[in-house]
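Below: one structure, written as structure tokens.
The values are calculated or read from the model by the stated rules, or taken from the named source; none is laboratory data. Quantities reported herein were computed from a predicted structural model and do not represent experimental measurements. Here the Cβ positions follow ideal geometry from the backbone for every residue, glycine too, while neighbour counts run over all protein chains shown. Calculation scope for accessible area: heavy atoms of the full protein, side chains included, ligands and nucleic acids excluded. Shrake-Rupley method; radii C 1.70, N 1.55, O 1.52, S 1.80 Å.
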Amino acid sequence: MLRISKRLEMIAGGVPTGSRLADIGSDHALLPVYLAQKKQIVKAVAGEVNLGPFQAASRQVRDSVLDQVIDVRHGNGLEVVEVGEIDVITIAGMGGALIADILEAGKDKLDGVQLLILQPNVGESNVRSWLIQQDWILINEQILEEDGKIYEILSAVPSHLSQVSNAMLYQERQLADGVTVNRELLLKLGPFLLDHPQEVWFQKWESELDKLAMIVQRLALSTLPESRIKELEYQKEIERIKEVLACLQKDKPSYN
């Protein structure tokens, strides 16, 4: 059995048995090979836009003797699949803006797809925003740390397969001490992750606050009026996130 990272294992755990999978940006085709070896999928398309990774994925599939299950294809995003050919799509290990762009460019290929499992390295709010715009509904969010990096995994279904709506999911929430979490913050923090915050989630946002503070420091050095506006915007964002974290930290034992 192929050994894969904790990150890929967590993604694999969300793929239903019997799926027809498209893994976009498959690199060495590790995820589809692992799932095929476990007999968790009946078919897979491993898509890769870059020639080197495409060749590496082809070798991996060939060496694993899985050519009859996994079809490695060279192409950009979802252009490597046909409508109705697959029912689960995984896109992992790239920026959230790029994932959203891939989905937007290939949204005509999503007819019949029942599940998206998306793992952005950064820019998770871009993915959540795209899902809302295209009427896909988050059903789960997971977070983990591996090798000093923190990853979020977002799973979503088309609205007709969900019992909740995006309006419900991103409805403004009142926490203890009168702290309000609006739609904008939910897009950043994640509605499921906020409801069940883990230690790694707190670590991530403490780190993000440090990055935001550095941006504010740089803006403070500028004399441009636009910089003052941006500086105030970032300061308000920092304050809002700190309020949420402080509120949830008080209740943290009840979530673990």
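For region 77-112, which positions are touching an Asp or Glu at 6+ places or on another chain (Cβ under 6 Å) and either farther than 23 Å from Y170 by Cα or among the hydroxyl-bearing types (S, T, Y) (or both)? Residues satisfying the conditions are V83, T90.
If you scan region 57-105, which residues turn out to be of a type outside the set (D, E, K, R), surrounded by fewer than 22 Cβ atoms within 10 Å (Cβ to Cβ) and in a loop (DSSP other than H, G, I, E, B)? Of everything in region 57-105, those that are of a type outside the set (D, E, K, R), surrounded by fewer than 22 Cβ atoms within 10 Å (Cβ to Cβ) and in a loop (DSSP other than H, G, I, E, B) turn out to be S64, V65, L66, Q68, V69, G75, N76, V83, G84, G95.
A search for C-beta distances below 8 Å between a residue of region 35-60 that is farther than 16 Å from D87 by Cα and any residue that is of a type in the set (A, V, I, L, M) and assigned to a helix (DSSP H, G or I), counting only pairs 6+ apart in sequence or on different chains, returns K38/A12; E48/A57; Q60/L30; Q60/V33.
When you go through E85, E104 one by one, which is the residue that is of a type outside the set (G, A, S), modelled with pLDDT of 95 or more and under 29 Å from I150 (Cα atoms)? So that I can check it myself, show each step before the final result.
Numbers: E85 fails: under 29 Å from I150 (Cα atoms).
Criteria check complete, one pass: E104.
Considering only residues that are of a type in the set (V, I, T) and either farther than 13 Å from E243 by Cβ or open to solvent by 40 Å² or more (accessible area, probe 1.4 Å) (or both), which ones fall in region 168-181? Within region 168-181, T180 is the sole residue that qualifies. Among the residues of region 190-225, the ones that are without any contact (Cβ under 8 Å) to a residue 12 or more places away in the chain, not in a loop (DSSP other than H, G, I, E, B) and not charged (D, E, K, R) come to 4 in all.
Of A176, A105, A156, A167, which residue is out of contact with any Lys or Arg (no Cβ under 6 Å at 6 or more places or on another chain), farther than 23 Å from E233 by Cβ and touching a residue at least 60 places away in the same chain (Cβ under 8 Å)?
A176
In the set V157, V127, only one residue is in contact with a Pro (Cβ under 8 Å, 6 or more places away or on another chain), of a type outside the set (K, R) and either open to solvent by 30 Å² or more (accessible area, probe 1.4 Å) or within 27 Å of A22 (Cα to Cα) (or both); that residue is V127. Among the residues of region 131-151, is any open to solvent by 50 Å² or more (accessible area, probe 1.4 Å) and in contact with a Phe, Trp or Tyr (Cβ under 7 Å, 6 or more places away or on another chain)? The answer is yes, given that some residue of region 131-151 is open to solvent by 50 Å² or more (accessible area, probe 1.4 Å) and in contact with a Phe, Trp or Tyr (Cβ under 7 Å, 6 or more places away or on another chain).
Has region 182-202 got at least one residue that is aliphatic (A, V, I, L, M) and open to solvent by 50 Å² or more (accessible area, probe 1.4 Å)?
No - not one qualifying residue is present in region 182-202.
Tell me yes or no: at least one residue of region 206-220 is modelled with pLDDT under 95, over 28 Å from N121 (Cβ atoms), of a type in the set (G, A, S) and out of contact with any helix residue (DSSP H, G or I) (no Cβ under 7 Å at 6 or more places or on another chain). No: zero hits.
Residues of region 106-129 being part of a helix (DSSP H, G or I) and among the charged types (D, E, K, R), which ones? Result: K107, D108, K109, E124, R128. When region 20-44 is filtered for residues that are touching a Leu at 6+ places or on another chain (Cβ under 8 Å), open to solvent by less than 20 Å² (accessible area, probe 1.4 Å) and of a type outside the set (D, E, K, R), the ones remaining, listed by number, are L21, A22, I24, L31, P32, V33, L35, A36, I41, A44.
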